Amino acid sequence: MWDFEIGRTIGILLRTMPFILMRMAIYFGITMAFILTTGMGAGIGYGLGAWSGDPESFTVWGGIFGFGLVAGAIYWVREWLLYMVKAAHIAVMVRLIDGQPMPDGKSQIGYAQETVTARFGEANVLFVLDQLIKGVISVITGLIGGIAAFLPIPGLNTLASFVNTVIRISLTYVDEIILGYNIRIDSKNPWETSRQGLVLYAQNGKTMIRNAVWLSIFLYILAIIVFVLALAPAAAILYVFPGEWAGYAFVLAIVFAWSFKAAVLEPFAIAALMSVYFKVIEGQVPNPEWDTKLSSASNKFREIKDKAFAGGGVTASS
């Protein structure tokens, strides 16, 4: 089964309510932006299409354009979301997991922003490190879960492919866990401690993946329930749009479910997996054999090592 405590994890989330509310405001704001911009694009498209005699086609393309406009804007602010929201929230959760109060009477948001800035300086450093860690994740998947694909058992290749797909989905939050590890040990060289953290994750990969898979199952079941509940109001909102456009209630319900998952369910998964990770690595040191395996298999991991050995300490920006 799983090693995380559901009740304790929910308690941690409730104690970080300022960040939960911030995430809800951001992600549900994104949902409303999708709805409004998509609707405006559809309305403009319908108006243009009325002149051409094909209003339904113009309506669909107008809506797609509006949807794409918001998606593009989100892509450009992704670095800010990582730095100001995710990393800051993780900094607070790390202290709560370890049973530590906020220092010197500081607010959660004030402490978190100060901690992340002190550890990583500029946002782009954190973003680059995050992307490199993501590049190592697929290699860890292959080294831990991909061995079955090479066993000469009839029909096992298909099963191994399915299992590896589930594992890849379950590894979504490894980069956040490594970030939490860096904050927890008061890292002065995030490249080196990220290297260590990845090796520790890999050498405890079976335990971590087992818990991550369970969490993925829980989260996606809950996201599906939210999606089904969101279909009715989304359809009601879109009912005012003409023609076949009401069918896009399905798309907007997906966006709403994604927003809920990102705002509420994702922090739950991160807190649960960090708790397991901190517990399982207690007293351990990085295994050189796993370091060698990752170095041989991943150029992203080698890049992290190169930056670590170059003295990649990061100071706070002035």
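Scan region 290-301 and tell me whether some residue there is at pLDDT 90 or above and open to solvent by 50 Å² or more (accessible area, probe 1.4 Å).
Yes, region 290-301 contains at least one residue that is at pLDDT 90 or above and open to solvent by 50 Å² or more (accessible area, probe 1.4 Å).
Could you list, in sequence order, the residues of region 209-260 that are of a type in the set (V, I, T) and either at pLDDT 80 or above or part of a helix (DSSP H, G or I) (or both)?
I209, V213, I217, I221, I224, I225, V226, V228, I237, V251, I254, V255
Take region 1-30 and flag every residue that is part of a loop (DSSP other than H, G, I, E, B) and more than 19 Å from the chain's Cα centre (by Cα).
M1, W2, D3, E5 - these are the residues of region 1-30 that are part of a loop (DSSP other than H, G, I, E, B) and more than 19 Å from the chain's Cα centre (by Cα).
The values are calculated or read from the model by the stated rules, or taken from the named source; none is laboratory data. Quick caveat, the model's predicted, so the values are computed rather than measured. Accessible surface areas use protein heavy atoms only, side chains included; no ligands, DNA or RNA. Shrake-Rupley method; radii C 1.70, N 1.55, O 1.52, S 1.80 Å.
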